[in-house]
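First comes the structure, then the notes that go with it.
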Amino acid sequence: MSKKASAEWKGGIKDGGGTISTETGVLKDAPYGFKSRFEDGKGTNPEELIAAAHAGCFSMAFSLMLGEAGFTPDRIATKAAVTIEKKEGGVEITASHLTVEASVPGLDEAQFQKIAGQAKSGCPVSKVLNANITMDAKLAS
């Protein structure tokens, strides 16, 4: 299986701009640029897309692992915050923090934390990120 996306950039780093598109068409010529990445400009940016991918991947992995343990979640709400820092040699992604709240009938706190931790480590996006991945997980009643 292969999933595809594309980007096109025109101009210099600060005065130029680009578009990002996905194979499914969910993103089609979505604008991105220096201002949306490092300031408060309109459009998306790679780190925001990675955060969305990480939140979505974790939620699906968590649902799978809960199911394998005999639980069906009513709701899993995940936010991801990707940190970029200026380092020697350039800018790099150094962390992704997941904030999770889920409602899972019949699941106790210890099981919840154990399975959430397994999903954090096991989701494919977590595996591809060479960053410190942290998480706050809350079992809703």
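Does anything in the stretch 65-100 have its amide N under 19 Å from the 7 Å Cα→Cβ label point of Thr134, and if so which residues? Counting only backbone N, you get 78-87, 92-100. With the charge dipole of the chain set up from +1 on Lys and Arg Cβ and -1 on Asp and Glu Cβ about the Cα centre, the Cα lying farthest toward the positive end among the listed residues Gly89, Ala52, Ser21 is that of Ser21. When only Cα pairs below 8 angstrom with a gap of at least 6 residues are kept, the stretch 1-86 shows a relative contact order of 17 percent. Given the chain reduced to its alpha-carbon atoms as identical point scatterers, what log10 I(q)/I(0) does the Debye formula return at q = 0.11, 0.19 Å⁻¹? Cα-only, vacuum Debye calculation for the chain: -0.50, -1.11.
Applying 1/(1 + (r/R0)^6) with R0 = 22 Å to the Cβ-Cβ distance of Lys42 and Thr22 gives a FRET efficiency near 0.70. Per residue, the accessible area of the stretch 26-141 comes to 59 Å², computed with a 1.4 Å probe over protein heavy atoms only.
Measuring nothing but protein heavy atoms, the accessible surface of the chain at 1.4 Å probe radius is 53 percent carbon and sulfur. Between Ala52, Ala30, Ala81, find the one with the highest GNM mean-square fluctuation for the chain; connect C-alpha pairs within less than 10 Å. Greatest mean-square fluctuation among the candidates belongs to Ala30. For the options Ser96, Ser59, Ser36, a Gaussian network treatment of the chain with springs between C-alpha atoms closer than 10 Å singles out Ser36 as fluctuating the most. Kirkwood radius and radius of gyration were both taken over the C-alpha atoms of the stretch 13-77, and their ratio Rg/Rh is 1.18. For the chain, the longest principal axis of the alpha carbon atoms and the long axis of helix 109-122 meet at an angle near 40°.
A simple charge model with +1 on the Cβ of Lys and Arg, -1 on the Cβ of Asp and Glu and nothing else charged puts the dipole of the chain at about 260 debye relative to its Cα centre.
The values are calculated or read from the model by the stated rules, or taken from the named source; none is laboratory data. The structure presented is a predicted model; accordingly, all values stated were derived computationally and were not measured. With ideal geometry, Cβ positions are generated from the backbone for all residues, glycine too; neighbour counts draw on all protein chains shown. The area values use the complete protein model at the heavy-atom level, side chains included, leaving out ligands, DNA and RNA. Shrake-Rupley method; radii C 1.70, N 1.55, O 1.52, S 1.80 Å.
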